[in-house]
Amino acid sequence: MPPTKAKSAPKTQDKLAKLGLRTDMDLVLHLPMRYEDETEIVPVREACLRGGYTSQVEGVVIKTEIAYRPRRQLLVTISDDTGELQLRFMNFYGSQVKQMAEGTRVRARGELKHGFFGAEMVHPTYKIVNEGAPLPTALTPVYPAGEGLSQTILRRAISDAMKRVDWTDTLPLPMRARLGLTDFEPAIKLLHYPPQNVDPYELTERTHPAWVRMKFDELLAQQLSLKRAQKDRRTKGAPVLGAIGSLSERFLAALPFTLTDAQDRVLREIRADLRNPFPMQRLLQGDVGSGKTVVAALAAAQAIDSGYQAALMAPTEILADQHFRKIAAWMEPLGVRVAWLTGSLKKREKTMATEMVESGEAQLVIGTHALIQDTVNFANLGLVIVDEQHRFGVGQRLTLRNKGSAGLVPHQLMMSATPIPRTLAMTYYADLEVSVIDELPPGRSPIVTRVVDQNRREEVIERVHAAVLEGRQAYWVCPLIEESEALQLQTATDTHLTLQEALPDLNVGLVHGRLKPQEKQEVMDAFASGLVHVLVATTVIEVGVDVPNASLMVIEHAERFGLSQLHQLRGRVGRGSAASVCLLMYQGPLGPVAKQRLATMRETQDGFEIARRDLEIRGPGEFLGARQSGQAMLRFADLETDQWLVEKARDTAAALLQAGDERTVDAHLARWLGGREEFLKV
Ligand code: ADP
Ligand code: MG
């Protein structure tokens, strides 16, 4: 058996490692989450008068007893020149009883209460001291701690580490001066041991210049790392898709419409990228209905014209299927072989599709996650298109990107209708070029949005009836029931039945997530062809579904949906020339957040504005899932309140790299990211 001492040391290290604290610098950068003031001792009488506050007192034990009231507890009465006070411990060890024998001097800190037996502190922190023992001169830091790690252990580990680290400032002096930044070492020392004269508010709110320095350093590290990743990407080879040949030309000529100016502009941006010998990484943003698909198809045409394959991956089968139909209808008449690949294919069909992809016979492949399976090998993949990119994990997108051949990385085009807030675009997405379609195709009439109490259901049903009689179609979206998929399904089935009964002269269809892909398809087809007049649906229709003749959208229990979801759902109408209406039915009473959301929906149809307000209501952390938000990687800076610092950090990073100051960059990254840089790259 090894001696216990030797055993306990690595154990502490393991616990520290669990908190990500491996190196001395990690420990030094483990900054307090709050502070306690132990710098003064309050006379007992004054502490009693204050009441209700946390204070530190010191006195001599005049009585120690174990009482049963009714539970066993330890009662210690201490006294100083000004008064007496009781310390009460519900859980205690025998050693504590001995420790606090009469005559001992105790320094205790806790919240003072006036209990039944007079003034007392319940479970104070305390220590035994000698008379005149010095008081700390700094506020006492309280650190984020893990299981089994006491503040004492952390404090000691950190103060030991502070003695060993290299304090060299990673930022050159002129830069610090220009940006008005505090020096690194004094900033860190102040945060660990703040002197008494520091404004406690600035410390807790993290607005003190020392905090600003930490946040800046952290953001700078993030920016540098992202910019390096960008540079790395440029050193990787990609197929040069230089040809805008006969397919692209015939495709454009055959389109039943002309591109909007915005589509034209983003197409030119994409075309230029595809001619580069390094991989494109571009995000195509455009509100729902802005016409991203045709732009993506034209990018694919360029890849095919250049002799390469293109792949399009969508998050759901319904959406993938829509793309397939639309794009195949455009491309197949021009002689392009389009393959269809999803998880629900029969084994034989899947094998056939995979073989077409592998032999290069399929020039364009459209599908779901099935595209990224190990069994799928592309002959010569030149372009990867990912629709609704935020619905995929980083890993999934990477896998598709790794499906290139001959050591080449395919170009990547990601599409999203969810606009990314500016701070996120500058942080997590700093390695993306962004193209924005900021214009809807002509001839769309705006959608009128109404918020309706659900007790006016009859009227709403009437409305649906009237729309159908005018030759239009309607969606009826069933409430989201997050707790239970089964319940949600039940509600959808019930709604379907009631609507069928209420509208006996109409065809009411039902689509939900539990249908087999083929059944789903049959319903969607019937709706697209006009055979089904009203489509009762769960949120499976949320993204991408495109039936221009549908002009009425009813959303039940709209108060349960998030803003971006409501916006996506509403985007299913307003796709044709008929005036469209969206009815948001709600069940009152509405909470403040739901009220705000519904008001936003009524007031604006602009996806960017909606995203902005969503950010206001929810904060960026939730925006794209914490994993992707970029906030997850930040410990001190806050993307919302520290936006001004994000901008400074971005400019500084650019300047450092521009100047070729690799030494500074390396030193700064090593200090702030250590081995975590790889994580930031994906
Ligand atoms: P989203 O950007 O939401 O994916 P889609 O690509 O599905 O939008 O396009 C919405 C609809 O607009 C489709 O029916 C599409 O064919 C049509 N469309 C796209 N571009 C134009 C255009 N320039 N003029 C007219 N209609 C267009
Ligand atoms: Mg789309």
Would you grab the residues whose amide H sits under 5 Å from the one on Met414? Only those 5+ places off in sequence or on another chain, please, with H modelled 1.01 Å from N.
Arg282, Leu283, Leu284, Val386
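Which of the GluC sites (Glu not before Pro) found in the range 108-156 are loop residues per DSSP with 14 or fewer other Cβ atoms within 10 Å of their Cβ?
Hits after loop and neighbour filter: Glu131, Glu147.
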With a Förster radius of 41 Å, plug the Cβ-Cβ distance of Arg265 and Met33 into 1/(1 + (r/R0)^6) and report the FRET value to the nearest 0.05.
0.30
Compute the whole-percent fraction of alpha carbon pairs in the range 150-266 spaced more than 16 Å apart.
77 percent
Name the residues whose placed amide hydrogens come within less than 5 Å of the amide hydrogen of Val448, ignoring near sequence neighbours (fewer than 5 apart) on the same chain.
Ser580, Val581, Cys582
Between Arg560 and Arg663, what's the calculated FRET efficiency when r is the beta-carbon distance and R0 is 60 Å? Round to 0.05.
0.65
Which is farthest toward the positive dipole end of the chain among Ile153, Gln285, Pro589, measuring Cα position about the Cα centre, with Cβ charges +1 (Lys, Arg) and -1 (Asp, Glu)?
Ile153
Rounded to a whole number, the Stokes-Einstein D of the range 40-135 in µm²/s (Kirkwood radius over Cα pairs; 25 °C; 0.890 mPa s) is 186 µm²/s
Per 10 Å bin, what percent of the C-alpha pairs of the chain does each bin hold, from zero upward?
3, 12, 18, 18, 16, 14, 10, 6, 3, 0
Of all beta bridges DSSP finds with both residues in the range 489-599, what is the antiparallel percent, to the nearest 5?
0 percent
Output needed: percent of Cα pairs per 10 Å distance bin for the range 447-604, bins running from 0 to the one holding the longest distance.
11, 44, 37, 8, 0
Taking a threshold of 29 Å on the Cα-Cα distance, which of the pairs Lys189/Lys648; Lys15/Lys113; Lys98/Lys189; Lys215/Lys403 fall above it?
Lys15/Lys113; Lys98/Lys189; Lys215/Lys403
Working out 0.36 nm times the residue gap between Lys236 and Glu185, then minus their Cα-Cα distance, what length gain in nm do you get to one decimal?
14.5 nm
What aspartates and glutamates does Lys18 reach when the alpha-carbon gap must be under 17 Å and sequence neighbours fewer than 8 apart in one chain are set aside?
Asp26, Glu147
Determine the calculated [θ] at 222 nm for the chain from helices alone, applying -39500 (n - 2.57) to every DSSP H run no shorter than 4 residues and normalising by the residue count; nearest 500 deg cm²/dmol.
-12500 deg cm²/dmol
At what distance in nm do the modelled label points of Ala654 and Tyr93 sit from each other, each positioned 7 Å from its Cα along Cα→Cβ?
5.9 nm
What does the extension gain come out to for Asp505 and Asp81, with contour length at 0.36 nm per residue minus their alpha carbon separation?
143.4 nm
Local charge sum around Leu74 (other residues, Cβ-Cβ under 10 Å, Lys/Arg +1, Asp/Glu -1)?
+1
Could you give the size of the charge dipole of the range 453-605 about its Cα centre, using +1 on the Cβ of each K and R and -1 on the Cβ of each D and E, expressed in debye and rounded to the nearest 20?
420 debye
Among residues other than Thr498 whose Cβ falls under 13 Å from its Cβ, what is the net charge (Lys/Arg +1, Asp/Glu -1)?
-3
Most exposed first by the Cβ proxy, i.e. fewest other Cβ within 10 Å, how do Leu255, Leu590 rank?
Leu255, Leu590
Would you please give the FRET efficiency between Glu439 and Arg337, computed as 1/(1 + (r/R0)^6) with r the Cβ-Cβ distance and R0 = 25 Å, to the nearest 0.05?
0.15
Segment Thr137-Asn197, length gained on full extension (0.36 nm per residue, minus Cα span):
20.6 nm
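Read-outs: derived from the displayed coordinates by stated rules, not from any lab. Note that the structure is a prediction, hence the values are computed from the model and not measured. All Cβ positions, even for glycine, are placed from backbone atoms using ideal geometry, and neighbour counts span all protein chains on display.
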